[in-house]
Amino acid sequence: MSILVNKDSKVLVQGFTGSEGTFHASQMIEYGTHVVGGVTPGKGGQTHLDKPVFNTVEEAVRKTGANVSVVFVPPAFAADAIMEAADAGIKVIITITEGIPTSDMVKVNEYLKNKDVHMVGPNCPGVITPGEAKVGIMPGFIHKKGSIGIVSRSGTLTYEAVDQITKAGLGQSTCIGVGGDPIIGTSILKAIQLFMKDPETEGIIMIGEIGGNMEADAANWIRENGTKPVVGFVAGMTAPKGRRMGHAGAIIGGKDDTAAAKIKIMQECGIHVVESPADIGKRMKEVLYQNK
Amino acid sequence: MNIHEYQGKAILRQFGVAIPQGTVVKSPDKAVEAAKEIRKKAGNNTWAVKAQIHAGGRGKGGGVKIAQSLDEVKQYAKDILGMILVTHQTGPEGKIVNQVLIEQGVYYPGPGEPKEFYMSVLLNRDTGRNIIMYSTEGGMDIEAVAEKTPHLIFKEEIDPKVGIQPFQTRKIAFNLGLSGKAFKEMTKFVVALYKAYLNSDASLFEINPVLKTSDDLILAADAKVKLDDNALYRHPDYAEMRDITEEDPAEVEATQHDLNFIKLNGNVGCMVNGAGLAMATMDIIKLSGGNPANFLDVGGTANAETVEAGFRIILKDPNVKAILINIFGGIVRCDRVAQGVVDAYNSVGDIQIPVIVRLQGTNDEEGKKLIDKSGLKVFSAISLQEAADLVKQVVN
């Protein structure tokens, strides 16, 4: 099992021939991901990285059977690319692009409502199911097939958690970076719901940060419905109020979206919260051991 | 991006939101000239003299005065220009005032009483839709209203498919207790305000107060506006509104090197790739007994150039007693980053404080060796825990 992507995923790369698309698509192929081709409007009919290039997602889906798309399209055109993928019937859209205007994402968000599609991102590292499919920009080699699901709002901090889990001898079922923007397609809660249903996932790591209600929403759902142990960390204990810390989403606004407030809610909901990000892997191992 | 009140009002006017007559000036003489011009157009006898800085709470800090005469306009402009204005949003160091906005006084006597409301437009992150938040309690700190009288704050969510609808603007005007001419004016005001927010790709329009004048006009008496940085490419005219004198010089310099830097008040500087890991690194510093001196995200490419720029920016702060570089090398190779750190260290020269370099990921062992052999006063670590222990050692 695993979630969202696996060895049967047929992956289409949007923004295939650009420099980002080219570099990361070749890394994905090298990892063993089943990349079936790419889309760059105006370059249809060409071959790139030994794969076909199409003008439209619709044509690409028709000719390759692609069911997953990864978006590397520049910010000004990325919203359009996401909607094109959804319209063409792609079921999992993973948007890596950073810097998409929020007003564009308001439209995308509305467009995707009531459609049978999972959109992950934007401004995220992507999704990886170790040993099966890497759909994104994460370094493949730090991952190891296993039973821990990881969901996180950040990139390198996710790699940190992955690395600790691998070194603890556990490995990952699937890792999802949900992205740091104010509007994202897949919330932490949605990702956790998927992990709870996945028989291969035995434990879940949830990495949050300051800003928004995503961690609290997920925590409250876990309290009522959780069936697997969850280890949590929230970055930004030392972040000053009202400042934008890199991620547009990471602005402390109300009193409930500070790191301290989130940690408190998560603890109350039975999540094993670590104070130091260096303890994520160690704690997951302890918790799993206690449960057995 | 934050902009000044007068710039926000210029955007409002473009979209048909009523604002007081006003001009921004940089000297007391110009203030008087502007006041005369405004009187010609508006026929007013009083003026507002308002400090233009990127922070709220200006009135309480003495940055907003009502002048009853041209002499007072001059005097207040003289007092405010050049002052260090301290408000609850500037921090204790305050901000220097370089410009004042001279405006027509709008609290004039008339058939009715002037009344102040609060209104803002912003994104509701939970639903991914824009909302108009408004209150009968205008002219006050909205956080205080939210805490003491939350039932007096109303929210109206806009469906992006159809935009703002007449029933919504009516509801807002009714909830604010308006009738007659003021009611009609308010519905027009809300439509224009929402249009301004949408078309300027803003992330916030906060009008506090929205003023009902004694003759039932509805005006934006103040404007706090934030524009979405990601959308500035669509608005080159708004991009030019950026006032770098309002920003921390170190942060401006960092932006020029594509670094994302925020100055804090601690004693341990840090340089990290990725925003989430950067925040986590700040937390690690705190847990190890230090205090983070900054947030610094060097982005995806940590090379000699970016590391050198980072060193120079961090070292400007005399309170910094140590620097922690924390790089998780994914696609970027650790030995390359290590070489970059060594080159940058040598190029900056004369770094008197200990530097801890934690490199993990591709070729981390090679990276560590390279650092250890460099002969520099640099501590190296691979795991995050090792780095934390080194910070503890250095801080004590």
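The values are calculated or read from the model by the stated rules, or taken from the named source; none is laboratory data. Quantities reported herein were computed from a predicted structural model and do not represent experimental measurements. So basically every Cβ, Gly included, is an ideal-geometry build from the backbone, and we count neighbours across all protein chains shown. The area values use the complete protein model at the heavy-atom level, side chains included, leaving out ligands, DNA and RNA. Shrake-Rupley method; radii C 1.70, N 1.55, O 1.52, S 1.80 Å.
Key figures
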quantity: Of the criteria (1) touching a residue at least 60 places away in the same chain (Cβ under 8 Å); (2) more than 17 Å from A:VAL92 (Cα to Cα); (3) assigned to a helix (DSSP H, G or I), which one A:ASP217 fails; calculated: (1)
quantity: Filtered residue count, region B:291-314, keeping only those that are more than 26 Å from A:VAL162 (Cα to Cα), touching a residue at least 40 places away in the same chain (Cβ under 8 Å) and aliphatic (A, V, I, L, M); calculated: 4
quantity: Tally, over region B:252-269, of residues that are within 29 Å of B:GLN393 (Cα to Cα) and open to solvent by 30 Å² or more (accessible area, probe 1.4 Å); calculated: 4
quantity: B:VAL272 being surrounded by 22 or more Cβ atoms within 10 Å (Cβ to Cβ), within 28 Å of B:ASN396 (Cβ to Cβ) and at pLDDT 90 or above; calculated: yes
quantity: Filtered residues of region A:209-235 (kept if of a type in the set (Gly, Ala, Ser), at the interface with chain B (Cβ under 9 Å from one of its Cβ atoms) and either under 12 Å from A:VAL274 (Cβ atoms) or surrounded by fewer than 24 Cβ atoms within 10 Å (Cβ to Cβ) (or both)); calculated: A:ALA235
quantity: Elements of type strands (runs of 3 or more DSSP E) contained in region A:16-120, each with 2 or more residues being within 14 Å of another protein chain (Cβ to nearest Cβ); calculated: none
quantity: Every residue from region B:187-203 that is assigned to a strand (DSSP E or B) and open to solvent by 30 Å² or more (accessible area, probe 1.4 Å); calculated: B:SER203
quantity: Residue within region A:146-155 that is at the interface with chain B (Cβ under 7 Å from one of its Cβ atoms), within 14 Å of A:LYS190 (Cβ to Cβ) and basic (Lys, Arg) present; calculated: yes
quantity: Any hit, region B:158-167, residues being of a type in the set (S, T, N, Q), away from chain A (no Cβ under 14 Å), open to solvent by 30 Å² or more (accessible area, probe 1.4 Å) and farther than 30 Å from A:ILE184 by Cα; calculated: no
quantity: Subset of region B:256-275 that is part of a strand (DSSP E or B) and facing another protein chain (nearest Cβ under 7 Å) - its residue that is farthest from the chain's Cα centre (by Cα); calculated: B:ASN260
quantity: Criterion (within 12 Å of another protein chain (Cβ to nearest Cβ), more than 29 Å from B:PRO236 (Cα to Cα) and surrounded by 15 or more Cβ atoms within 10 Å (Cβ to Cβ)) met by exactly one of B:ILE131, B:ILE142; calculated: B:ILE142
quantity: Contacts under 9 angstrom Cβ, first residue in region B:261-289 being of a type in the set (Asp, Glu), partner surrounded by fewer than 24 Cβ atoms within 10 Å (Cβ to Cβ) and not in a helix (DSSP H, G or I), 6 or more apart; calculated: B:ASP283/A:MET237; B:ASP283/A:THR238; B:ASP283/A:GLU275; B:ASP283/A:SER276
quantity: Among (1) assigned to a loop (DSSP other than H, G, I, E, B); (2) under 30 Å from A:ASP104 (Cα atoms); (3) open to solvent by less than 50 Å² (accessible area, probe 1.4 Å); (4) of a type outside the set (A, V, I, L, M, F, W, C) - the single one B:SER120 does not satisfy; calculated: (1)
quantity: Condition check for A:LYS63: open to solvent by 20 Å² or more (accessible area, probe 1.4 Å) and touching a His at 6+ places or on another chain (Cβ under 8 Å); calculated: no
quantity: Unmet requirement for B:ALA48, which otherwise passes all of (1) assigned to a loop (DSSP other than H, G, I, E, B); (2) among the hydrophobic types (A, V, I, L, M, F, W, C); (3) closer than 12 Å to B:GLN104 by Cα; calculated: (1)
quantity: Which numbered condition B:VAL32 fails, given (1) closer than 11 Å to B:VAL100 by Cα; (2) open to solvent by 20 Å² or more (accessible area, probe 1.4 Å); (3) part of a helix (DSSP H, G or I); calculated: (1)
quantity: Extreme residue, farthest from B:GLN99 (Cα to Cα), among residues of region B:220-246 that are crowded, with 21+ Cβ neighbours inside 10 Å and more than 14 Å from chain A (Cβ to nearest Cβ); calculated: B:ALA220
quantity: Matching option when the condition is more than 11 Å from every other protein chain (Cβ to nearest Cβ), part of a helix (DSSP H, G or I) and within 20 Å of A:ILE280 (Cβ to Cβ), among A:MET206, A:MET196; calculated: A:MET196
quantity: Test: residue in region B:47-59 that is buried (at least 18 other Cβ atoms within 10 Å of the Cβ), free of Cβ contacts under 8 Å to residues at least 40 places away in the same chain and of a type in the set (Lys, Arg); calculated: yes
quantity: Residues that are within 14 Å of chain B (Cβ to nearest Cβ), open to solvent by less than 10 Å² (accessible area, probe 1.4 Å) and of a type in the set (Val, Ile, Thr), drawn from region A:121-139; calculated: A:ILE128
quantity: Within region A:143-162, tally of residues that are buried (at least 24 other Cβ atoms within 10 Å of the Cβ) and outside any strand (DSSP E or B); calculated: 11
quantity: Pick from region B:88-117, criterion among the acidic types (Asp, Glu) and in contact (Cβ under 8 Å) with a residue 12 or more places away in the chain, ranking: most open to solvent (accessible area, probe 1.4 Å); calculated: B:GLU113
quantity: Residue match in region A:70-85 (condition: open to solvent by 50 Å² or more (accessible area, probe 1.4 Å) and over 13 Å from A:GLN14 (Cβ atoms)); calculated: no
quantity: Which numbered condition A:GLY149 fails, given (1) under 29 Å from A:PRO75 (Cβ atoms); (2) within 12 Å of the chain's Cα centre (by Cα); calculated: (1)
quantity: Residue in region A:168-193 that is farthest from the other protein chains (Cβ to nearest Cβ), counting only those that are part of a strand (DSSP E or B) and of a type in the set (S, T, N, Q); calculated: A:SER173
quantity: Within region B:300-328, tally of residues that are under 21 Å from A:GLU98 (Cβ atoms), modelled with pLDDT of 80 or more and not β-branched (Val, Ile, Thr); calculated: 5
